[in-house]
Amino acid sequence: MPDRVESESRKLLERLRLALAEGGEGQERLDNIVELIATSMQTEVCSIYLFRDNETLELCATQGLAMESVHKTRLRLGEGLVGRVARTRRVINAADAPSARGFRYMPETGEERYSSFCGVPIQRLGDALGVLVVQSKDAREFTADEVYALEVVAMVLAEMTELGAFVGEGAALSARHQNPVLFRGTVAQEGAAEGNVFLHEARVVVTNPISDDPDLELVRLRDAVEELRSSVDALLSGSRQMTTDQLEIFEAYRMFANSRSWMRRMEADIVNGLTAEAAVEKEQSLARTRLNQAGDAYMRERLNDLDDLSNRLLRILTGQGKDTGVDMPDNPILIARNIGPGELLDYGKKLRGIVLEEGSVGSHATVVARAWAIPLIINAKGITTEALNGDPILVDGDHGIAHLRPDEAVHSAFRDKLAMQTRAQERYASIRDEPALTKCGTELSLFMNAGLLADLPSLEGSGAKGVGLFRTELQFLIRTQMPKRQELSALYARVINAAGGKPVAFRTLDIGSDKVLPYMKPNDEPNPAMGWRAIRVGLDKPGILRMQLQALVRAANGGPLTVMFPFVTLLSEYRDAKAELDKVLAREKRLGNPLPTPLHVGAMLETPSLAFAPDAFFKEVDFISVGGNDLKQFFYAADRENERVRKRYDTLSHSFLTFLKMVIKRCDDAGTHLSFCGEDAGRPLEAVCFAACGFRSLSMRPASVGPVKHLLRKVDLNDVRAVMDAAWERGDLSVRDAVSTYLKSCV
Ligand code: PEP
Ligand code: MG
């Protein structure tokens, strides 16, 4: 970087610092800034456009354009050159702006007189805040150094905007983080919650972006980077038993921490007038923008590493640690980019709701949130940059919407919804001890799904008859080492004990697919959901399966035990798994340990092929449990986690219900007990249709037991069947609409 430009940029920042230090109202500051940029850069025009809302940019200050257009000229995101800079987050540097793609003539500003245009995004950590523009009459392209100087200034403007420096009388700009904002994400757990923001990782605030002592800032940066490097080294040497793949990942991370080019860019930013933390943030912002645009998975991972390292570095520089001492507010709603199941378990059930920027419906954190019935929204882009600790927030988990800092109208509509929910809860509580008996006299058995000891109290509260599916893998997933047999056995004994005599169906480990144990070498499989998972792993690594079965047998301690094997596809797989159990039983007998009595052994039907197994299969198993989540994805060849395809296929379609009826018939013919334990069992409409088809046992999330029972008690299954038959005869492809209309007449 040539000295002249270095000093120009520094001089510009120094003037900016003085202008900002003078105080004054927000508008005055903006006016001063555009004037001094135009003077310093010798351009006729300098303008600042800021976002009024997510879609609209407003001209907030100008030197050179018509003053009357300030706060009047507005552009949509993507409109004109300014809108394009904001949308793409990329610099536009055009010598002949009127002929550049996307140019939009704005007569009120008088801008047609200006030929050259340079617009740079004002952004903070990937969050677009506005656009800084310079224009001049002569047709010239701005030099790389001039563009760089503008970027540095834009970075400072972003920090100042964030800190609310441009708010005030006459500025017609409302402060950041004060307006109501609505976030749309994906539903991961239904339910509504009202509370206050609790940030998983507190925002680091940079209050001093401009420095007048680059040497001091360089020393601060180098010291901080040194500290960062040693902490990364410590992380690496402290992580025992890493697989080669994990080591490679960590090495890549370390490589970044030692990256010369990263360091050089930050040093150049400091030499040009930024403080160390502002320099880190400037590079982080650029990386975030690239991250949002990168399609390549490897590239995204590397940029994620850089983002993570930048956060660590900022914390070192600002002294704002992860634990900021912020107390959890009342009714905390957790906001995070993403969160692991272990961290979520640490927070416990205090959380009222969770909103994540990333996450997936099948992630372990989601499993935990669902088990606890905490409303969870995922893919709520931008919420971590917008929300501040303590902000009021409403989580509408049924529609995947979060209202941050809601206005009164939204608030009161939401309260009505909550009140309705409370009334419904009271209704469900009043029938907790009543049977799920339909009007036609058919009784269903409603069970709950669980995966943690902490879920067991819900057995009492929900009125479920027992645990129809205990997902044992969660205990394996939240640890850093393979649990020991004694530990597992003690845990299962506590689960059995907590169930207080109600039955618990333990499903053996369903690992593989998306559920990768941290201490097992991950398999790079092209289609993990159809790969080496569940009972396939159990049969290939019988040591783990036997250890788990032994722990279960010992936990039962001579009492009842129900075991089911997941993802059985063939009769032979069931037989092989059962043979492992027989071996375990024989060994326990030899050791003189009591054997479980009665012992029920079953299989989960999660692949269509098992429905066509020989009759012998239906006779040999004690029971079958339909794992509808997996079954549906394989029946329709539609990934259960892929929102795009998942929703195309209806559980209540003719084809799927016909298939289920065939399974019911085969079980009836063989006298085999059958239940349904996928998510659909917990949806009242679906549950009623399953009952009409012949299911008599359903297992669901604890929170669903009340609503499902409430509806079942209102219906006559003969009527439901008649409605379904009529729908088929009409040629409806799904009975959803017909049954839903009928149900409205029942409640
Ligand atoms: C299922 O597939 O329906 C099921 C209950 O198992 P999981 O959701 O744990 O795969
Ligand atoms: Mg499954």
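Going by average Cβ neighbours within 10 Å, how do the peptides 497-503, 534-540, 562-568 rank, with the highest at the top?
Ranked by mean Cβ neighbours within 10 Å, highest first: 562-568, 534-540, 497-503.
Rounded to the nearest 20 debye, what is the charge dipole size of the chain about its Cα centre when +1 sits on each Lys and Arg Cβ and -1 on each Asp and Glu Cβ?
Here the size comes out at about 3180 debye.
Between Met662 and Ala586, what is the label-to-label distance in nm when each label sits 7 Å out along the Cα-to-Cβ direction?
Placing both labels 7 Å along Cα→Cβ, they lie 3.7 nm apart.
Hey, what did the stretch 431-744 get for relative contact order, percent, Cα under 8 Å, at least 6 apart? If you can, show how the numbers build up before the last one.
Details: 564 pairs, mean separation 61.8, N = 314.
The normalised contact order for the stretch 431-744 reaches 20 percent.
Fully extended, how many nm does the chain gain between Lys381 and Glu525 (0.36 nm per residue separation, minus their Cα-Cα distance)? Write down the numbers at each step before the final one.
Values: separation 144, 0.36 × 144 = 51.84 nm, distance 2.89 nm.
Gain in length upon complete extension: 48.9 nm.
Just subtract the alpha-carbon distance of Thr88 and Ala424 from 0.36 nm times their residue separation and send over the number in nm, one decimal. If you can, show how the numbers build up before the last one.
Details: separation 336, 0.36 × 336 = 120.96 nm, distance 4.69 nm.
That pair, Thr88 and Ala424, stretches by 116.3 nm at full extension.
Kirkwood Rh over Cα pairs of the chain into Stokes-Einstein at 25 °C, 0.890 mPa s: D in µm²/s?
83
Work from the charge dipole of the chain (Cβ charges, +1 for Lys and Arg, -1 for Asp and Glu, about the Cα centre) and give the residue of Pro180, Ala19, Gln548 farthest towards its positive end.
Gln548
Along the stretch 560-568, what does the Karplus equation 6.51 cos²θ - 1.76 cosθ + 1.60 (θ = phi - 60°) give for ³J(HN,Hα), rounded to whole Hz, x for Gly and Pro?
Each residue of the stretch 560-568 in turn: x, 8, 10, 10, 10, 9, x, 6, 6 Hz.
Give me the accessible area of His673, 1.4 Å probe, in Å² rounded to the nearest 10.
Around 100 Å² of this residue is reachable by solvent.
Place the peptides 130-139, 86-95 in order of packing, highest mean first, counting for every residue the other Cβ atoms within 10 Å and averaging per peptide.
Details: 130-139: 21.8, 86-95: 19.0.
Result, highest mean first: 130-139, 86-95.
Taking the highest mean first, how do the peptides 593-605, 49-61 order by number of other beta carbon atoms within 10 angstrom per residue?
So the order, starting with the most tightly packed, is 49-61, 593-605.
Can you work out the PRE-style zone for Asp327? Point 7 Å along Cα to Cβ, and I want the residues of the stretch 195-216 with backbone N under 14 Å.
none
In debye to the nearest 20, how big a dipole does the stretch 8-162 give about its Cα centre with +1 on each Lys and Arg Cβ and -1 on each Asp and Glu Cβ?
Details: 19 positive and 25 negative charges, 88 e Å.
Roughly 420 debye, rounded to the nearest 20.
At each listed q (0.25 Å⁻¹), what is the log10 of I(q)/I(0) that the Debye formula gives for the stretch 52-99 modelled as equal alpha-carbon point scatterers?
Cα-only, vacuum Debye calculation for the stretch 52-99: -1.04.
With the dipole of the chain worked out from charges on the C-beta (+1 for Lys and Arg, -1 for Asp and Glu) around the Cα centre, which of Leu344, Ile354, Gly627 lies farthest toward the positive end?
The Cα lying farthest towards the positive end belongs to Gly627.
What value, in deg cm²/dmol to 500, does the helix sum -39500 (n - 2.57) over DSSP H runs of n ≥ 4 give at 222 nm once divided by the residues of the chain?
Numbers: 28 runs with 347 residues, N = 747.
Taking each H run of at least 4 residues, the total per residue is -14500 deg cm²/dmol.
Relative to the longest principal axis of the chain, what angle (0 to 90°, nearest 10) does the C-alpha long axis of helix 736-746 take?
70
Could you grab the relative contact order for the chain? Cα pairs under 8 Å, six or more apart, rounded to a whole percent. It would help to have the intermediate numbers written out before the result.
Numbers: 1385 pairs, mean separation 73.4, N = 747.
Contact order relative to length: 10 percent.
5 Å is the cut-off here: which amide hydrogens, built 1.01 Å from N in the peptide plane, fall below it relative to Ser625, excluding neighbours closer than 5 in sequence?
Placed amide hydrogens put Ala603, Met604, Leu605, Ser675 under 5 Å from Ser625.
About the Cα centre of the stretch 431-744, how large is the charge dipole given +1 on each Lys and Arg Cβ and -1 on each Asp and Glu Cβ? Please answer in debye to the nearest 20.
Its charge dipole is roughly 700 debye.
What percent do you get for the relative contact order of the stretch 8-162 when only Cα pairs under 8 Å and 6+ apart count?
In percent, rounded to a whole number, it is 19.
Which entries of Lys619/Lys647; Lys350/Lys465; Lys72/Lys381; Lys465/Lys578; Lys439/Lys578 have Cα-Cα distances beyond 32 Å here?
Violating the 32 Å Cα-Cα cut-off are Lys619/Lys647; Lys439/Lys578.
Mind listing the long-range amide H neighbours of Gly390? Cut-off is under 5 Å, sequence gap 5 or more, other chains count too, H placed in the peptide plane at 1.01 Å from N.
Counting only residues 5 or more places away or on other chains, the set is Val197, Phe198, Leu199.
Could you tell me which residue out of Val152, Ala419, Ala638 lies farthest along the dipole of the chain toward its positive end? Charges go on the beta carbon: Lys and Arg +1, Asp and Glu -1, centred on the Cα centre.
Ala638
For the stretch 8-162, state what percent of all Cα-Cα pairs lands in each successive 10 Å bin, counting from 0 Å until the bin that includes the largest distance.
12, 47, 36, 5, 0
Would you please give the residues with an amide H less than 5 Å from that of Arg52, counting only those at least 5 places away or on a separate chain, with H modeled from the backbone geometry?
Sorted by chain and number, the residues that satisfy this are Leu57, Glu58.
Under a straight-distance cross-link criterion of Cα-Cα below 12 Å, which aspartates and glutamates are reachable from Lys417, leaving out those fewer than 8 residues away in the same chain?
Reachable aspartates and glutamates: Glu194, Asp396, Asp398.
The values are calculated or read from the model by the stated rules, or taken from the named source; none is laboratory data. Please read these numbers as outputs of a predicted model, since none were measured by experiment. Cβ coordinates were reconstructed from backbone atoms using ideal geometry, including for glycine residues, and neighbour counts include every protein chain displayed. All accessible areas refer to the heavy atoms of the entire protein, side chains included, with ligands and DNA or RNA removed. Shrake-Rupley method; radii C 1.70, N 1.55, O 1.52, S 1.80 Å.
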